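Data block below; observations after.
The values are calculated or read from the model by the stated rules, or taken from the named source; none is laboratory data. Just so it is clear, the model here is predicted, and its values are computed rather than measured. Because the Cβ atoms are built from the backbone with ideal geometry, glycine has one as well, and the counts that use them run over all protein chains shown.
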Amino acid sequence: MMENGSVADLERLELDLLLDAVKTRYGYDFHDYAKASMIRRVRKYMDKVGIDYVSGLIPLFLHDDRAFHRFVKSLAVVVTEMFRDPDVFKVLREEVIPVLKTYPFIKIWHAGCASGQEVYSMAILLEEEGILDRCQIYATDFNDGALKLAKNGIYPAQDISRYENNYRLAGGKAQLGDYWVSRYDSIKINRRLAERVTFANHNLVTDGVFGEMNLVMCRNVLIYFNEQLQDRALTLINDSLCPRGFLCIGRRENLKFSQIRNHLEDVSNRLRIYRKLGS
Amino acid sequence: MSSVAVEKKPRAVVLGASAGGINALGFLFSELREDFSLPILVTKHVGLNDDRGMLRVLARQSVLPVRVAKDKYRIQAGAIYLAPADYHMLVEGQGVISLNLEEPVAHSRPSIDVLFQSAARVYGQELVAVVLTGANRDGADGIRTVKHFGGTTVAQCPENAEIGLMPRASLDTGCVDYLMTLEEISAFLDQIGA
Ligand SMILES: C[S@@+](CC[C@H](N)C(=O)[O-])C[C@H]1O[C@@H](n2cnc3c(N)ncnc32)[C@H](O)[C@@H]1O
């Protein structure tokens, strides 16, 4: 029983009950997601559908799976961009790709690719370094809506000045505009860049290992999780890396909570780029 | 203003600042004592690549450690955490910071509302929230939530602020407990952090 529960205690209880219901009904387990962001998304959704209590979502989600899936989609409202954190792409180009070049065949995994800008940035890098045709890129997310956007590769034209700026800071020498076709108020990424990419649904919480990757990009996905879940996801990622494979996580993320830290050496700790030790 | 009654000894302070905020924060930090006993979480609107500059300026003026927050940092008493550029900073239940990349709130990322609303849920009555100078409305919704969860709310006097718009917007919610000048805020922090 709750001792004279505060407003906050009650809300937490309601959220737990809601997540229980969701897990039992749909198999999605959000219990170990970072609660503060989760409650924001839930509150936002409640405002949209005009429900006053968190627990009021339970009957809705139990009986209306379309409503639930709209909620899942809203969880991943994210803003991503091409060449986010240009310094990271610069180091990938200068220090990681030269190593990858020495392999006959290269496997790269973008875990949590969102709407795909990061994937196409990588493809551009690989193309410019002359190894795209030797690469197989896997781009995964647990959100089908995001995956569809990623596959289409169509982005608002208003973002291109930011992309171009990032690209230059990342050491890009060509015209970024050559990699897409401009339409009215959008751009469409050239199909050439998607040739080596496989888009697939993968949930880092419930799905398994993805074999023998030379490079895993998992940036700004761990921030969704609490420490325990971060550790689990990172273990899965580590198990997916081949010996001497590279890992890149988000600039503001940490490996501190994970035992995989012991299996990795720094390429650049500041930029969160690591390399797996040999076995 | 002599001393202020706070219901319960606070466990944390959250500060929000925008335009003019570096000076205001610099002043407050320079007045803090070494044995200040609470964590201070700060969301100051900052340009895409400017958080290192902000850190450098503010760290110089504080005897307490100042850090740009990273995901899942453990919040420590007597330390100051700044929201990083381009991420929202939130407080999790276990006294841990988390970051997210949700869309901007009140046109801002990091947003003061996001910090305040998450901290309100964790610290309830044991939170002090302060809105400082700025030229937008961020923080007002946050102040409302802090009040709703029983915390103590403070706005800098608009006339005393470099730009009064932001504290004024908070004031207009009717949820501000105390209106203070920067000097009074400093004295207040000294009192609650002793
Ligand atoms: C902020 S985006 C990251 C985009 C890109 N990597 C970047 O840094 O710009 C985070 C993505 O993680 C995905 N995500 C969240 N939880 C996930 C899970 N359990 N499994 C797979 N993807 C997940 C979201 O759907 C979202 O598209």
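Which condition from (1) under 15 Å from the mean Cα position of the chain (by Cα); (2) in a loop (DSSP other than H, G, I, E, B); (3) facing chain A (nearest Cβ under 9 Å) is the one that B:V91 breaks?
(2)
Checking B:V105 against (1) within 30 Å of A:A114 (Cα to Cα); (2) hydrophobic (A, V, I, L, M, F, W, C); (3) at pLDDT 95 or above: exactly one of these is not met. Which one?
Unmet for B:V105, out of (1) within 30 Å of A:A114 (Cα to Cα); (2) hydrophobic (A, V, I, L, M, F, W, C); (3) at pLDDT 95 or above: (3).
For region A:199-211, give me each residue that is part of a loop (DSSP other than H, G, I, E, B) and surrounded by 13 or more Cβ atoms within 10 Å (Cβ to Cβ). Quick ask: steps written out before the conclusion?
Here is the first cut: in region A:199-211, the residues part of a loop (DSSP other than H, G, I, E, B) are A:202-211.
If the condition is that a residue be part of a loop (DSSP other than H, G, I, E, B) and surrounded by 13 or more Cβ atoms within 10 Å (Cβ to Cβ), then A:H202, A:N203, A:L204, A:V205, A:D207, A:V209, A:F210 are the ones that fit.
Check A:A233 against each of (1) out of contact with any Phe, Trp or Tyr (no Cβ under 7 Å at 6 or more places or on another chain); (2) within 20 Å of A:E118 (Cα to Cα); (3) assigned to a helix (DSSP H, G or I) and name the one condition it does not meet.
Exception for A:A233: condition (1).
Could you go through region B:3-12 and let me know if any residue there is polar (S, T, N, Q) and farther than 29 Å from A:G250 by Cα.
Of the residues in region B:3-12, the ones polar (S, T, N, Q) are B:3.
Narrowing further to those that are farther than 29 Å from A:G250 by Cα: B:3.
Yes: one or more hits.
Please verify whether region B:157-175 includes one or more residues that are crowded, with 18+ Cβ neighbours inside 10 Å and in contact with a Phe, Trp or Tyr (Cβ under 9 Å, 6 or more places away or on another chain).
no
Quick check on region A:25-70: of everything there that is part of a helix (DSSP H, G or I) and touching a residue at least 60 places away in the same chain (Cβ under 8 Å), which residue is nearest to the ligand (Cβ to nearest atom)?
Let us first name the residues in region A:25-70 that are part of a helix (DSSP H, G or I), namely A:25-26, A:35-49, A:54-63, A:65-70.
Keeping just the survivors that are touching a residue at least 60 places away in the same chain (Cβ under 8 Å) gives A:35, A:37.
Values: A:K35: 14, A:S37: 10 Å.
Among those that are part of a helix (DSSP H, G or I) and touching a residue at least 60 places away in the same chain (Cβ under 8 Å), it is A:S37.
Please go through region B:55-87 and pick out each residue that is out of contact with any helix residue (DSSP H, G or I) (no Cβ under 9 Å at 6 or more places or on another chain) and within 9 Å of another protein chain (Cβ to nearest Cβ). Before the answer, list the steps.
Looking only at region B:55-87, we keep the residues that are out of contact with any helix residue (DSSP H, G or I) (no Cβ under 9 Å at 6 or more places or on another chain), and these are B:55-56, B:69-70, B:73-79, B:81.
B:A69, B:K70, B:Y73 - these are the residues of region B:55-87 that are out of contact with any helix residue (DSSP H, G or I) (no Cβ under 9 Å at 6 or more places or on another chain) and within 9 Å of another protein chain (Cβ to nearest Cβ).
Go through region A:239-257 and count every residue that is in a loop (DSSP other than H, G, I, E, B) and either within 13 Å of the ligand (Cβ to nearest atom) or within 10 Å of chain B (Cβ to nearest Cβ) (or both). Give the derivation first.
If we filter region A:239-257 for residues that are in a loop (DSSP other than H, G, I, E, B), which is where we start, we get A:250-257.
Filter again for either within 13 Å of the ligand (Cβ to nearest atom) or within 10 Å of chain B (Cβ to nearest Cβ) (or both), leaving A:250-254, A:256-257.
Looking only at that region, the number is 7.
Any residue at all in region B:32-46 that's surrounded by 23 or more Cβ atoms within 10 Å (Cβ to Cβ) and among the acidic types (D, E)?
Within region B:32-46, not a single residue is surrounded by 23 or more Cβ atoms within 10 Å (Cβ to Cβ) and among the acidic types (D, E).
So if I check each of A:I187, A:I260, which one is away from chain B (no Cβ under 14 Å), in contact with a strand residue (DSSP E or B) (Cβ under 9 Å, 6 or more places away or on another chain) and assigned to a strand (DSSP E or B)?
On the way: A:I260 fails: assigned to a strand (DSSP E or B).
The unique qualifying residue is A:I187.
Filter the helices (runs of 4 or more DSSP H) completely within region A:71-180 down to those with at least 1 residues that are touching a strand residue (DSSP E or B) at 6+ places or on another chain (Cβ under 9 Å) and more than 15 Å from A:L193 (Cα to Cα).
Numbers: elements: A:86-91, A:97-100, A:117-128, A:144-152, A:160-169.
Answer list for region A:71-180: A:86-91, A:97-100, A:144-152, A:160-169.
Out of the residues in region A:145-190 meeting the condition of being surrounded by 15 or more Cβ atoms within 10 Å (Cβ to Cβ) and of a type in the set (D, E), tell me which one is nearest to A:S74 (Cα to Cα).
That would be A:D159.
Would you list the helices (runs of 4 or more DSSP H) that sit entirely within region B:105-174 and hold 3 or more residues that are under 14 Å from the mean Cα position of the chain (by Cα) and more than 14 Å from chain A (Cβ to nearest Cβ)?
Numbers: elements: B:112-123, B:140-148, B:165-171.
The qualifying helices (runs of 4 or more DSSP H) are B:165-171.
Only one of (1) within 16 Å of the ligand (Cβ to nearest atom); (2) β-branched (V, I, T); (3) more than 16 Å from the chain's Cα centre (by Cα) is not met by A:I154, so which one is it?
A:I154 satisfies every listed condition except (1).
Going by the structure shown, is B:R52 farther than 21 Å from A:S37 by Cβ, part of a helix (DSSP H, G or I), within 12 Å of chain A (Cβ to nearest Cβ) and out of contact with any Ser or Thr (no Cβ under 6 Å at 6 or more places or on another chain)? Steps first, please.
Numbers: farther than 21 Å from A:S37 by Cβ: yes; part of a helix (DSSP H, G or I): yes; within 12 Å of chain A (Cβ to nearest Cβ): yes; out of contact with any Ser or Thr (no Cβ under 6 Å at 6 or more places or on another chain): yes.
Spelling it out, B:R52 is indeed farther than 21 Å from A:S37 by Cβ, part of a helix (DSSP H, G or I), within 12 Å of chain A (Cβ to nearest Cβ) and out of contact with any Ser or Thr (no Cβ under 6 Å at 6 or more places or on another chain).
Give the residue that is nearest to the other protein chains (Cβ to nearest Cβ), with candidates limited to residues of region A:196-238 that are near the ligand (Cβ under 10 Å from one of its atoms) and closer than 23 Å to A:L132 by Cβ.
Per the criteria, the residue is A:R219.
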